[in-house]
Amino acid sequence: MRRAVSWALIFAWAAVSVAAAAQETTASAESGIATGVRQVEEGDFEGAVVSLEAAIARLRGDPQRVRLLVQADIQLAVAHTALDHTAQAVQAFVEAITLDPNLRLPPDRFSPKVLSAFETAREQAAHRTAGPVRKSSSGRKAAIIGGSIAVAGTAAALAVRGGGTGAPMFSGARFGTPARDCQNGSDNVHLRFTILVEASNPSGDPVPINSVTTVVTIEVSPAFPGEIGFPSSQPSTVVPSSVPAKQNVTLEISSFLICGNGEGDPGRFNEWSGRVTLTTPAGVVMLNVADRMRVSIP
């Protein structure tokens, strides 16, 4: 009897260990996709290919992550296109279309090269199926997928997710700290800032936010124009970490700049724009922050 109980405990422990490992793998993969999306936004296309391919390999075949995989394949195709890897871009689009045969790309948000690769992939996918275009596996209407290369609108969320009324909506990104001071004598000080985002969840289940990244970029620098375009991306957190069922909430995203202001340096200021990327089980959403944050360096 003792031996039977021991074996039962061993099997139970093994099952828990396998489940925990699977959850860790999924979380790591989703974080990798968010990293890849951010790298595409920043123009680090080679890095994006590495991040996205590793994350996609972990999630491929998971029926609960189909929409996220579609988005990852699209971003991978965009990165390959930017690197002039046309064959790889077409293959990534074929993978996306295989998962969602009704997939379409809005022409106002993607470059002609990306759209050309996508059309080639559609033709190849059509030859493979040798039949009419089917509905997606979720049974929903065709999803319109927004890109990250030609972003239009400063506060609108890109619809980088499958269709359906149950998906969470994010909008109204703005700085919660419109002005910050980097004090005289600061040396590698973390200058905290926040970005606020409105979230709405019409579904009956809470939606967790698996990862969040922020990228802030200098847009105005009168004293040192060469700083314009400089991006910064540091670890970010979000509170609350999930959107409650059938509720509207304001998300507070926190991150920081590295502040340096030597004694006796001339005073100046910078103005920063911002972009937020949120990853949920429903997909990846990217928002441009509507306003700017002024950092004074007295």
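Just to confirm the filter: which trypsin sites (Lys or Arg not before Pro) across segment 37-119 are DSSP coil and have at most 16 other Cβ within 10 angstrom of their Cβ?
Listed in order of number, the matching sites are Arg60.
Could you derive backbone 3J(HN,Hα) for segment 171-176 from the dihedral phi with the Karplus parameters 6.51, -1.76 and 1.60 (θ = phi - 60°), listing whole Hz in sequence and x where the residue is Gly or Pro?
Calculated HN-Hα couplings, in order: 7, x, 5, 8, 6, x Hz.
Which GluC sites (Glu not before Pro) from segment 191-298 combine a DSSP loop assignment with at most 12 other Cβ atoms within 10 Å?
Glu263
Sort the following peptides by mean Cβ neighbour count (other Cβ atoms within 10 Å, averaged over residues), highest first: 272-278, 243-249.
272-278, 243-249
Using a 1.4 Å probe and counting only protein heavy atoms, arrange Phe45, Phe230, Phe110 so the residue with the most accessible area comes first.
The ranking, largest first, comes out as Phe230, Phe45, Phe110.
Using modelled backbone amide H atoms (1.01 Å from N, in-plane), which distant-in-sequence or interchain residues come within less than 5 Å of Cys259's amide H?
Close amide H contacts, sequence-distant or interchain: Asn188, Val189, His190, Leu191.
Once neighbouring chains are kept in place and the probe is 1.4 Å, which whole percent of the accessible area of segment 167-211 is contributed by carbon and sulfur?
After summing per-atom areas, the C and S share lands at 50 percent.
Based only on the alpha carbon positions, what is the Kirkwood hydrodynamic radius of segment 175-298, in angstrom?
Evaluated on segment 175-298, it is 15.6 Å.
List the residues, sorted by chain then number, that are 5 or more residues from Ala290 or on another chain and whose placed amide H is less than 5 Å from its amide H.
Sorted by chain and number, the residues that satisfy this are Ala173, Arg174, Phe175.
The values are calculated or read from the model by the stated rules, or taken from the named source; none is laboratory data. Nothing here was measured: the structure is a model prediction, and the numbers come from that model. FYI the Cβ positions are ideal-geometry reconstructions off the backbone, even for glycines, and counts take in every protein chain you see. Just the protein is used for accessible areas: all its heavy atoms, side chains included, with ligands, DNA and RNA removed. Shrake-Rupley method; radii C 1.70, N 1.55, O 1.52, S 1.80 Å.
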